[in-house]
Amino acid sequence: MVVDERFAVPCPAGWSVEQAATFFVTTTAWHALVDVGRVRPGGTVLVHSAAGGVGLAAVGIARAFGARVLATAGTERKRAWLRARGLSDVFDSRTLDFADEVLAATGGRGVDLVLNARAGPAIEACLRCLAPGWRFLELGKRDLVEARDLSLGGFNRRLTLSAIDLARAATEDPSYFAPLARPVLDALVSGRIGHLPARVFTADAPTAAFRALSGGDWIGKVVLALRGGPMTLRADPAPTFAPRPGRTWLVTGGTGGFGLAAAGALVDAGVT
């Protein structure tokens, strides 16, 4: 592979390939919390999906800067894992109850920063969690791509919303990346922050890796390792689709990517 040298950083001695593979996730979390969010000692940070890759990196970075971390996770196993590592304020990410719980845990003040990748009504709930004058850091893409409306009423408390997209920023300006990456490398090499835990699959077992992802109960990052001898990848045959005659199909979101593809597949299968 040939890449633009401005996107490359030297791999420190002693790092495994798997550790290097998680570096860029940590860079995203650092950019959000440090460069944009300006996390501070004694501050408070709400990290959504805190047992995932970006979430765990954000937890470590916020703690390294002396901030208090409040977190959400989608399963009890993940929440227990986070509590076992010293996080006392861990809430369920699959409901909107976290907003009231965060306010209760902060004595009604709210948090300085929210690091979010959830979509829909969760955004309004996150804005409720913010203390006046502080920052909402959006990592998700769905609401941005779909141009979802957001009420400006909550911003009357001097709130700031920033959309974080490091990959797009670096693509638009390749010189943008390296200066951001250097302090992250230094923090990892010095031990100020730690490497992310990774569940490693060999590259000839991508199906198992994707099943682990779709199960939603992994910790840290899922990594495909290109190690060892020759690998053979087997493509499973595509499932056949034979619609029952005389039935009516309703496709919602028919002009979107998935909806349009589904409608096309139905037409190809003879549905009128």
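The values are calculated or read from the model by the stated rules, or taken from the named source; none is laboratory data. These numbers come from a predicted model, not from an experiment. Neighbour counts are summed over all protein chains in view; Cβ atoms, including those assigned to glycine, are modelled from backbone coordinates with ideal geometry. When the accessible area is computed, the model is the full protein with side chains, heavy atoms only, and any ligands, DNA or RNA have been set aside. Shrake-Rupley method; radii C 1.70, N 1.55, O 1.52, S 1.80 Å.
What's the magnitude of the charge dipole for the chain around its Cα centre, counting Lys and Arg as +1 and Asp and Glu as -1 at the beta-carbon? Answer in Debye, nearest 20.
Working: 30 positive and 24 negative charges, 122 e Å.
Around 580 debye, computed over the chain.
Nothing charged except the Cβ atoms of Lys and Arg (+1) and of Asp and Glu (-1): what's the magnitude of the dipole of the stretch 1-73 about its Cα centre? Round to the nearest 20 debye.
Numbers: 5 positive and 4 negative charges, 85 e Å.
My answer is approximately 400 debye.
Note down the relative contact order for the chain as a percent, whole number, built from C-alpha pairs under 8 angstrom at least six residues apart. Display every interim value, and only then the final one.
Values: 380 pairs, mean separation 48.8, N = 272.
Relative contact order comes out at 18 percent.
What is the distance in Å between the Cα centroid of the stretch 1-70 and that of the stretch 167-242? Taking the Cα centre of the stretch 167-242 as reference, the centre of the stretch 1-70 is 14 Å away. Starting from 0 in steps of 5 Å, tell me what percent of the Cα-Cα pairs of the stretch 49-200 lands in each bin. Pairs per bin, as whole percents: 2, 8, 16, 20, 21, 16, 12, 5, 1, 0. In the chain, what percent of the accessible surface is made up of carbon and sulfur (1.4 Å probe, ligands and nucleic acids excluded)? On the chain, the fraction of accessible area on carbon and sulfur atoms equals 57 percent. Using heavy atoms of the protein chains and a probe of 1.4 Å, the accessible area assigned to I164 is about 10 Å². Amide H contacts of R68 (H built 1.01 Å from N, in plane; Pro and chain starts excluded): G42, G43, T44, V45 sit under 5 Å, all sequence-distant by 5 or more or on other chains. Its Cα centre serving as origin, the stretch 30-104 has a Cβ charge dipole (Lys and Arg +1, Asp and Glu -1) of approximately 320 debye. Checking [x] 18.9; [y] 20.1; [z] 21.0 against the coordinates, the calculated Kirkwood radius over Cα pairs in Å falls under label [z]. Converting phi to 3J(HN,Hα) with the Karplus coefficients 6.51, -1.76 and 1.60 and the offset θ = phi - 60°, the stretch 51-57 yields 8, x, x, 5, x, 5, 4 Hz in sequence order, with x at every glycine or proline.
A simple spin-label model places the labels of D186 and S214 4.4 nm from each other, with each point 7 Å out along Cα-to-Cβ.
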